[in-house]
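To start, the structure under review is shown below, and the notes come after it.
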Amino acid sequence: MHTLTASRSLSGTGKGTRPDMTEARPCTYQLHIRLASDCELVIGRLGTFRFPAGHYLYTGSAKRHMETRIRRHLSQEKRLRWHIDYLLACSAAEVVAVRHFTASECGLNRRTSGEVLIPGFGASDCRRGCGSHLKYLGTSG
């Protein structure tokens, strides 16, 4: 079972009310993933990769319906569409936390420490040259 820990709720502001437009709304998220054992996976057109056991951070964004996107990531029943779907489909993978941010996806990703193991992972539409939006944190996470 996945645990969802949010730093801020994105639920509606109430029926008939409008959100405060002066407050920046989160549109970027990070999934903290624990991989209990090594996994070798075919990631779409990227190819076959070995993911060592340990902790990972995946940075993503959604301009609309972010909570729906996150629920999809946490779901076991889904078509494998995005790179992250392949990793999360591994039986050894567990999302242990989800955090929300107002920073840009690439800006947040660049400020996130960790090692890029798979160039291009989650960054096929990246225009900032991040290289990957998945970072390996090691075994102590």
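What follows is calculated from the coordinates using simple rules that are stated; it is not laboratory data. What you are looking at is a predicted structure, and each value in this text was computed from that prediction instead of being measured. Glycine gets a Cβ as well: all are built from the backbone with ideal geometry, and neighbour counts include every protein chain shown.
Worth pointing out:
- Checking every one of the trypsin sites (Lys or Arg not before Pro) in segment 43-141 against DSSP loop status and a limit of 14 other Cβ atoms within 10 Å picks out Lys63, Arg64, Lys78, Arg79, Arg81, Arg127, Arg128.
- Mean Cβ count within 10 Å, highest first, over the residues of peptides 37-43, 54-60: 54-60, 37-43
- Segment 28-138 - percent relative contact order, Cα under 8 Å, separation 6 or more: 34 percent
- Computed about its Cα centre, the charge dipole of segment 28-138 is approximately 460 debye, with only Lys, Arg, Asp and Glu carrying charge at their Cβ.
- Within-12-Å neighbourhood charge of His55 [Cβ basis; K, R +1; D, E -1]: 0
- Linear extension gain, Thr102 paired with Ser75, 0.36 nm per residue minus alpha-carbon span: 7.3 nm
- Shape of segment 62-141, Cα gyration tensor, a/c cut at 1.5: rounded
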